[in-house]
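Take a look at the structure set out below.
The values are calculated or read from the model by the stated rules, or taken from the named source; none is laboratory data. Everything quoted here is computed from the prediction, not taken from an experiment. Note: ideal-geometry Cβ built from the backbone for every residue, glycine included; neighbour counts use all protein chains shown. All accessible areas refer to the heavy atoms of the entire protein, side chains included, with ligands and DNA or RNA removed. Shrake-Rupley method; radii C 1.70, N 1.55, O 1.52, S 1.80 Å.
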Amino acid sequence: MTKAVLGIIGGSGIYDLPGLENVREEAITSPWGEPSAPLRRGEMAGLPIVFLPRHGHGHALSPSDINYRANVDVLKRAGVTDLVALSACGSFKEELPPGTFVLVDQFVDRTHKRESSFFGKGCVAHVSMAHPVSPLLARHLAAAAEAEDIAFARGGTYLCMEGPQFSSLAESLTYKAQGYSVIGMTNMPEAKLAREAEVCYASVAMVTDFDCWHPGHDAVTVQDIIRVLNSNAEKAKALVARLARDFPREHEPCPVGSDRALDTALITAPAARDPQLLAKLDAVAGRVLRS
Ligand SMILES: CSC[C@H]1O[C@H](OP(=O)(O)O)[C@H](O)[C@@H]1O
Ligand SMILES: Nc1ncnc2[nH]cnc12
């Protein structure tokens, strides 16, 4: 049995985690470069928690500048088994108004300026992204939201745009017509990298606005978003506290195989593998590379 370690990535408006006990800051170095910030390790209700603010302290990093590989790598090195992403987002649906927490279960990746895999020349791997969210983690989040009386939706599709500009009206209307639920700038490649690192992943997409498609709302501005962001952040912190309280202390095997994703993914013959890349993959893929 593996002990559960819960990772929390804080998005816009969530730069720390009050309620974390015995906090120590840990600057883990990564062969993938600089993570957004040192990790903050501690416990909640006895459960080990590792917190990382995605945009760095003071929100210095734009979505395109975040080193998603380093972030996931250091969380893996810290022993994280289950990772919750907290993210602000715009909504494409009337029934998902600002303040709603959407436990998304699908992603559409429209990013184009980001390193999106740990693997490549000298060690090729193809993991499945058919079911990018860990259903058990999502179920625990739903139970925590229910217990905290937070308005939430089970399931939804998160369109990840490159940004940093918000969408044009034509883009917004197109995504709405496609049936997508929400839009943000950060969950990709984060979810892909978590899968490659065999870390269970779930995202709480916290609606701050209706993007720009809604006839009754003006085009989105950061000022408008910040107003909603702060109340969402308070609810998110309560959600995490409840999640930690009720979370299983042993890591539960993932029904969609998030925690074994590399069992069926590596294709490069051992003799053709690049030792330098293998060394960088020690944390992410050590389980399968060492066996
Ligand atoms: C401040 S609004 C735009 C910004 O907020 C979201 O970030 P995060 O997912 O880290 O909460 C969105 O993706 C943009 O990066
Ligand atoms: N409308 C929107 N588009 C992209 N990212 C967002 N984050 C919050 N609101 C957003």
Of all residues making up region 191-207, the number that are within 16 Å of ligand 2 (Cβ to nearest atom) and open to solvent by 10 Å² or more (accessible area, probe 1.4 Å): 0
The listed residue being touching a Lys or Arg at 6+ places or on another chain (Cβ under 7 Å), among the hydroxyl-bearing types (Ser, Thr, Tyr) and within 12 Å of ligand 1 (Cβ to nearest atom), out of THR186, THR208: THR186
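Listed here are the residues, each with its yes/no results for (1) closer than 30 Å to ALA285 by Cβ; (2) near ligand 1 (Cβ under 10 Å from one of its atoms); (3) in contact with a strand residue (DSSP E or B) (Cβ under 6 Å, 6 or more places away or on another chain).
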position	(1), (2), (3)
GLU198	yes, no, no
SER203	yes, yes, yes
TRP213	no, no, no
ASP218	no, no, no
LYS235	no, no, no
Single match in ALA130, ALA138 (criterion: among the small types (Gly, Ala, Ser), more than 16 Å from ligand 1 (Cβ to nearest atom), within 13 Å of the chain's Cα centre (by Cα) and modelled with pLDDT of 95 or more): ALA138
Neighbours by Cβ (under 7 Å, 6+ apart or cross-chain): first from region 157-173, at pLDDT below 95; second more than 10 Å from ligand 2 (Cβ to nearest atom) and open to solvent by less than 20 Å² (accessible area, probe 1.4 Å): none
Boolean, GLY90 is small (Gly, Ala, Ser), open to solvent by 10 Å² or more (accessible area, probe 1.4 Å) and touching a residue at least 60 places away in the same chain (Cβ under 8 Å): no
Region 163-174, residues that are within 14 Å of ligand 1 (Cβ to nearest atom) and either at positive phi or hydroxyl-bearing (Ser, Thr, Tyr) (or both): GLY163, SER167
Any chance SER258 is under 30 Å from GLY33 (Cβ atoms), in contact with a helix residue (DSSP H, G or I) (Cβ under 7 Å, 6 or more places away or on another chain) and of a type in the set (Ser, Thr, Tyr): yes
Test result for ALA142, surrounded by fewer than 16 Cβ atoms within 10 Å (Cβ to Cβ), of a type in the set (A, V, I, L, M, F, W, C) and within 18 Å of ALA238 (Cα to Cα): no
Considering residues of region 50-87 that are within 16 Å of ligand 2 (Cβ to nearest atom) and of a type in the set (D, E, K, R) only, the residue nearest to the chain's Cα centre (by Cα): ARG54
Within region 16-50, considering residues that are closer than 18 Å to ALA244 by Cα and within 16 Å of ligand 1 (Cβ to nearest atom), the one surrounded by the fewest Cβ atoms within 10 Å (Cβ to Cβ): ASP16
Some residue of region 54-72 being away from ligand 1 (no atom under 16 Å from the Cβ), at negative phi and surrounded by fewer than 22 Cβ atoms within 10 Å (Cβ to Cβ): no
Residue count, region 177-208 (criterion: acidic (Asp, Glu) and farther than 18 Å from HIS55 by Cβ): 2
